[in-house]
Structure formats: structure tokens, C-alpha cells
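The values are calculated or read from the model by the stated rules, or taken from the named source; none is laboratory data. This is a predicted model, so every value here is computed, not measured. Virtual Cβ from ideal backbone geometry, glycine too; neighbours counted across all protein chains shown. Each accessible area value is taken on the protein alone, full model and side chains, heavy atoms only, with ligands, DNA and RNA left out. Shrake-Rupley method; radii C 1.70, N 1.55, O 1.52, S 1.80 Å.
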Amino acid sequence: MLSGGVLGFFVTALVLGVGGYAWLKKKERDVRKGWNLVPAVVAAVDLAEGTVVGFENISQRSVPEQFITSSVVRPDSASYIVNQRILVPVQAGDLMLWSQFETTKRDLYLVAVRDIPVGAKLKEEDLEPKGMDPNTLTPSYVKDAERPQVTGRPVIAAFRKGDPILWTHFRNEPPPVTGASAP
């Protein structure tokens, strides 16, 4: 009877020990659920409403998965928000959400990267593409696709850093006619 009691004690202790360990591990998994870190796109700097977002304005940060929804921009989709206008102010470190951006795709137009004096020949490194508001555009703005047509040409008016490149700043060079057929 004594050996049966001792054997029963050890079996009961073993079952309770294994069961308790399994229960404790399950509780530990439940507590950690949602706290695994996943990458997300965040604002690298404070962004004012209406700012056109560039790669220099965003960064990647690990965030607990419980805060990630389908509206959060993930790093593999970051290129879709570059050159898009943000509709609301965002502080550095805030998650970037799809709902914060315009839904229309902007055409890219060329702007000056630095100040360019009169008579200077445009170089490839003087130009950068930028998404522009279609309500402010005229046919004189040079599209990014037209970059080869302006590279190496002298300008007759000075550009300041950030100024759009215009066809009217080239000597007797009207903008190319697009979509027209030759007679």
C-alpha cells in the first residue's frame, strides 16, 4: 500500500507538473501574441499638410503586429507613396497610412536640383522628377519623359533650386508636339 501511494503521488505530480508547464507556456504565448515586431513605413520628419513625400521623408521602423492593419503602408509598398501629396499633417515617427494620401497618380515633371545661371547647359544631375499638381500645370512644363530633349541645352533664364523646368526657358525651342501626326 505504501508503494502504491508513493507511485500514485509521483504519477499525480508528473501529470500536474507537465499539465502546469503546458498551461504556463500557453499563457506566455497568449501574453506575447500581437507583440511580434513587423516592419512598417513611418514619417522620418514632421510633414505639413500638402507636402509631396520623397524617400528622404520616410523611414522604416519595427512595430508590434497588433498595431498593423491593412491601412498601414508596408516597406515593400513605400514606392507608391513617393511623389504623392499628403493630405494631413504627420509628425516624425507616425505610421504612414494609405488614407493620408491623394489617390490620383501624378505625372512627373522636371525641377531644378540647384540654382542654374543663365547660359548654363543643363546636366542630368541638375534635374529631378517631381509630382506636380495637375491644376497648376501648363504645356510649358517639361515632363520627366522629355528629359533627353533638355539635357545639354543652354537656358536663357535662370532657375532657382526647386523651380520647374519650362520649355519657355530655352532659345526658340517650342515644346515638342505630342500626339500629333505629320502631314
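Every test in (1) open to solvent by less than 70 Å² (accessible area, probe 1.4 Å); (2) more than 17 Å from Arg160 (Cβ to Cβ); (3) not polar (S, T, N, Q) is passed by Tyr109 save one, and that test is (2). Looking at the range 46-62, I want the residues that are among the acidic types (Asp, Glu) and have a partner that is open to solvent by 30 Å² or more (accessible area, probe 1.4 Å) and in a loop (DSSP other than H, G, I, E, B) with Cβ atoms under 6 Å, at least 6 apart or on another chain. Which pairs are those? Once the first residue is among the acidic types (Asp, Glu) and sits in the range 46-62, its partners that are open to solvent by 30 Å² or more (accessible area, probe 1.4 Å) and in a loop (DSSP other than H, G, I, E, B) give Asp46/Gln91; Asp46/Ala92; Glu49/Val88; Glu49/Pro89.
Residues of the range 150-162 that are in contact with a helix residue (DSSP H, G or I) (Cβ under 9 Å, 6 or more places away or on another chain), under 21 Å from Asn83 (Cβ atoms) and not aromatic (Phe, Trp, Tyr): Val150, Thr151. Residues in the range 45-58 that are open to solvent by 30 Å² or more (accessible area, probe 1.4 Å) and either touching a Gly at 6+ places or on another chain (Cβ under 9 Å) or assigned to a loop (DSSP other than H, G, I, E, B) (or both) were compared, and the one that is nearest to Val88 (Cα to Cα) is Glu49.
Considered as a group, the residues in the range 1-38 that are within 42 Å of the chain's Cα centre (by Cα) and hydrophobic (A, V, I, L, M, F, W, C) include one that is farthest from Gln60 (Cα to Cα), and that residue is Leu24. Residue selection: Ser79 satisfies the criterion of being open to solvent by less than 100 Å² (accessible area, probe 1.4 Å), under 30 Å from Tyr109 (Cβ atoms) and modelled with pLDDT under 90. One residue is enough: does the range 79-92 have a residue meeting the conditions without any contact (Cβ under 8 Å) to a residue 40 or more places away in the chain, part of a helix (DSSP H, G or I) and touching a Lys or Arg at 6+ places or on another chain (Cβ under 8 Å)? No.
So that you can scan it fast, the table gives a plain yes or no per residue for (1) out of contact with any His (no Cβ under 6 Å at 6 or more places or on another chain); (2) within 15 Å of Phe170 (Cα to Cα); (3) without any contact (Cβ under 8 Å) to a residue 12 or more places away in the chain:
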{"site": "Tyr109", "(1), (2), (3)": "yes, no, no"}
{"site": "Val118", "(1), (2), (3)": "yes, yes, no"}
{"site": "Glu124", "(1), (2), (3)": "yes, no, no"}
{"site": "Asn135", "(1), (2), (3)": "yes, no, yes"}
{"site": "Glu146", "(1), (2), (3)": "yes, yes, no"}
